[in-house]
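Quick notes on the structure that follows.
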Amino acid sequence: AALVALPGVGVWTAEIYLKFALGRADVFAAGDLALQEAARVMYDLPARPAPAALRALAEPWQPWRAVAARGLWAYYRLAKGREGTT
């Protein structure tokens with residue numbers, strides 16, 4: 001909440017900072033397009049899940065959601081054969 005209160009810092013930025021700079025193990029940036037696309041492909045969903053739906057999907061991964069995010073990013077890279085969201 002303190003990070004998001006800063007001008008120009010949104011939820012995604014705060015979550016990525018918590019995950020990588022502070023090493024928090026239970027942070028999940030559900031607004032990340034690569035995570036959404038990885039979940040869509042992995043679970044054979046008709047569309048990318050909205051952030052709220054992706055957060056619900058990630059609930060069982062507590063307290064290691066940051067680790068799960070790294071796994072999804074790796075899966076995305078392999079499934080798509082590239083980095084990025086397209």
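The values are calculated or read from the model by the stated rules, or taken from the named source; none is laboratory data. Small disclaimer: the values here were computed from a predicted structure and weren't measured. Glycine also receives a Cβ, built like all others from the backbone with ideal geometry; neighbour counts cover every protein chain displayed. The area values use the complete protein model at the heavy-atom level, side chains included, leaving out ligands, DNA and RNA. Shrake-Rupley method; radii C 1.70, N 1.55, O 1.52, S 1.80 Å.
What to note about this one:
- A value for mean projected area of the Cα convex hull in nm² was derived from the coordinates, and within the list [x] 5.2; [y] 5.8; [z] 10.5 it appears as [y].
- Extension gain (nm, one decimal) between A79 and A52, 0.36 nm per residue minus Cα-Cα: 7.4 nm
- Axis angle, to the nearest 10 degrees, between helix 65-80 and the longest C-alpha principal axis of the chain: 40 degrees.
- Sum of -39500 (n - 2.57) over DSSP H runs of 4+, divided by residues of the chain (222 nm, nearest 500): -15500 deg cm²/dmol
- Charge-dipole axis of the range 2-81 as Lys and Arg at +1 and Asp and Glu at -1 on Cβ define it, positive-most pick from L45, G81, G71: G81
- Solvent-accessible area, 1.4 Å probe, carbon plus sulfur percent, for the chain: 62 percent
- Residue of A53, A34, A21 that the Gaussian network model of the chain assigns the largest fluctuation, springs spanning Cα pairs under 10 Å: A21
- In a reduced charge model with +1 at each Lys and Arg Cβ and -1 at each Asp and Glu Cβ, the chain shows a dipole moment near 160 debye about its Cα centre.
- Solvent-accessible area per residue for the chain (1.4 angstrom probe, square angstrom): 61 Å²
- Between V67, V27, V11, the Gaussian network model of the chain with springs among Cα atoms under 10 angstrom shows the greatest mean-square fluctuation at V11.
- Of G8, L33, A56, farthest towards positive along the dipole that unit charges on Lys, Arg, Asp, Glu beta carbons give the chain: L33
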